[in-house]
1. From the phi of every residue in the range 56-71, what ³J(HN,Hα) in whole Hz does the Karplus formula 6.51 cos²θ - 1.76 cosθ + 1.60 yield, where θ is phi - 60° and glycine or proline is x?
2. Each residue of the range 24-37 in order: what ³J(HN,Hα) in whole Hz does its phi give by Karplus 6.51 cos²θ - 1.76 cosθ + 1.60, θ = phi - 60°, with x for Gly and Pro?
3. Specify whether the C-alpha gyration tensor of the range 17-65 places it in the rounded, prolate or oblate class, a ≥ b ≥ c being the square roots of the eigenvalues: rounded for a/c under 1.5, otherwise prolate if a/b is larger than b/c and oblate if not.
4. Check ILE56: other-chain or 5+ apart residues with amide H under 5 Å from its amide H, H built from backbone geometry?
Amino acid sequence: MEKRKFKKKKSFGDKGEERGLPVRKKACRFCVDKELRIDYKDAKALRPYISEGEKITPSRISGLCSYHQRRVTEAIKRARILGIVSFSPVQKALI
Ligand SMILES: [Zn+2]
């Protein structure tokens with residue numbers, strides 16, 4: 001049988017292994033610690049999930065699973081409506 005002419009393309013960057021980087025899976029904080037609760041009334045607890053520009057940090061940075069990322073997002077949005085967390089940096093400066 002004839003050998004295949006084209007080699008399968010190597011995929012880069014999907015695991016980081018090929019670039020010699022160690023692969024480490026981020027564990028979701030809320031999944032690891034069952035005692036932790038997501039509370040929309042607790043602005044301090046939500047702070048790590050809000051960036052400098054008052055944006056909600058994406059899960060690839062926050063390291064949360066999709067389920068908890070959705071919960072945190074909902075909590076931040078609720079807190080914004082209540083006025084606990086600001087919508088924008090401009091609004092933050094006014095408070
Ligand atoms: Zn989780």
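Since every read-out is calculated from the coordinates, none of them should be taken as a lab result. Not measured: the values here are computed from a predicted model.
1. 7, 5, x, 5, 5, 9, 5, x, 7, 6, 4, 5, 6, 4, 5, 5
2. Here the 3J(HN,Hα) series is 9, 7, 6, 9, 5, 4, 6, 6, 5, 9, 6, 6, 5, 10 Hz.
3. oblate
4. For ILE56, the qualifying residues are SER51.
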